[in-house]
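A short write-up of the structure that comes next.
The values are calculated or read from the model by the stated rules, or taken from the named source; none is laboratory data. From a predicted model like this one, the values you see are computed outputs, not experimental measurements. All Cβ positions, glycine included, derive from the backbone under ideal geometry; neighbour counts span all protein chains shown.
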Amino acid sequence: MEDSGNSHWIPLSDLMMGLMMVFLLIATLYMMRVEQTTTLIVKEYQVTKENLQRALQETFDSNFEQWDAELLGDMTIRFNNPEVLFKTGSDKIRPKFAEILEDFIPRYTSIILSEKFKESIKEIRIEGHTSTFWANAVSKLDAYLKNMELSQSRTRSVLEFILNNESINQLDKSWLQTKLTANGLSSSKPVFKNSIIDQESSQRVEFRIITNSDEKLSNIAKSFEKNLDLR
């Protein structure tokens, strides 16, 4: 009787082991698929980044010194000279910066609106940065908040300038309205030189391109969690 009971459990244990191996195989195959998809997206991002970086460099290389601007390694174009951009405490674009933007905008938008890059772009961030100072501020927090309001107003002025530019047709403006954002960052991301905040260099305007690769990777992660019931 005892042997009969044991023989009854042997097939069940084999069945459980078999099911476990099947689940392990399914999980392994799924993880391999996720890894392959992730690798493709990362590669796509690298190729897009390199091509965009090259296009921006080739288009504006001859202008950067004249504009006191530079291309950073993450597809960001930075305008450095605060004396050219805005008057102290003002959100009104100075004539020289308006002249630069008139030259910059049609060429910049021709790149991001091209069929080669358009579908890869999630956002174009216009970022405004300030120094840590504010005349008559009662505290560092007060200076930060006043600079936040100012930087927001300045980026909004640049955004309006772009969308009112006559070189851009209405269809492209409609697309830009879904991608362009104005982001005032106050003094939260200062520029350092020799480990010390460079107050003048910190006052800048940047155009930063965000691709949709991060969104794709996030969707993969969510799908992975859902399928493995990790939530």
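Looking at the structure I just gave you, is S110 in a helix (DSSP H, G or I) and touching a strand residue (DSSP E or B) at 6+ places or on another chain (Cβ under 7 Å)?
No.
Give region 164-180 a look and list any residue that's exposed (fewer than 14 other Cβ atoms within 10 Å of the Cβ) and under 22 Å from the mean Cα position of the chain (by Cα), or say none.
S174, Q177, T178, listed by residue number.
Please specify each residue of region 43-72 satisfying the condition of being part of a strand (DSSP E or B) and either surrounded by fewer than 19 Cβ atoms within 10 Å (Cβ to Cβ) or within 18 Å of the chain's Cα centre (by Cα) (or both).
Within region 43-72, E70, L71 qualify.
Here is a check on your reading of the model: is I121 at pLDDT below 95, hydrophobic (A, V, I, L, M, F, W, C) and buried (at least 17 other Cβ atoms within 10 Å of the Cβ)?
yes
Would region 129-143 turn up any residue that is part of a loop (DSSP other than H, G, I, E, B), among the basic types (K, R) and without any contact (Cβ under 8 Å) to a residue 60 or more places away in the chain?
no
Say whether the condition of being in a strand (DSSP E or B) and at pLDDT 95 or above is met by at least one residue in region 81-96.
Yes, that holds for at least one residue.
How many residues, within region 73-105, are in contact (Cβ under 8 Å) with a residue 24 or more places away in the chain, under 23 Å from the mean Cα position of the chain (by Cα) and surrounded by fewer than 15 Cβ atoms within 10 Å (Cβ to Cβ)?
Total satisfying the criteria: 1.
Filter region 58-80 for residues that are within 20 Å of K118 (Cα to Cα) and modelled with pLDDT of 95 or more and give the result.
Hits for region 58-80 are E58, T59, F60, L71, T76, I77.
For region 156-199, give me the residue count where each residue is part of a helix (DSSP H, G or I), in contact (Cβ under 8 Å) with a residue 60 or more places away in the chain and under 16 Å from I126 (Cβ atoms).
Of the residues in that region, 7 qualify.
Does F97 count as in contact with a strand residue (DSSP E or B) (Cβ under 7 Å, 6 or more places away or on another chain), under 16 Å from H129 (Cβ atoms) and not small (G, A, S)?
Here the answer is no, as F97 does not meet what is asked.
Going by the conditions given, is L171 farther than 20 Å from K96 by Cα and at pLDDT below 95?
yes
Please name all residue pairs, on different chains or six or more residues apart, with Cβ atoms under 6 Å, provided the first residue is in region 35-57 and is modelled with pLDDT of 90 or more and the second residue is aliphatic (A, V, I, L, M).
Correct list of pairs: L52/M75; Q53/M75; A55/I111; L56/L71; Q57/L71.
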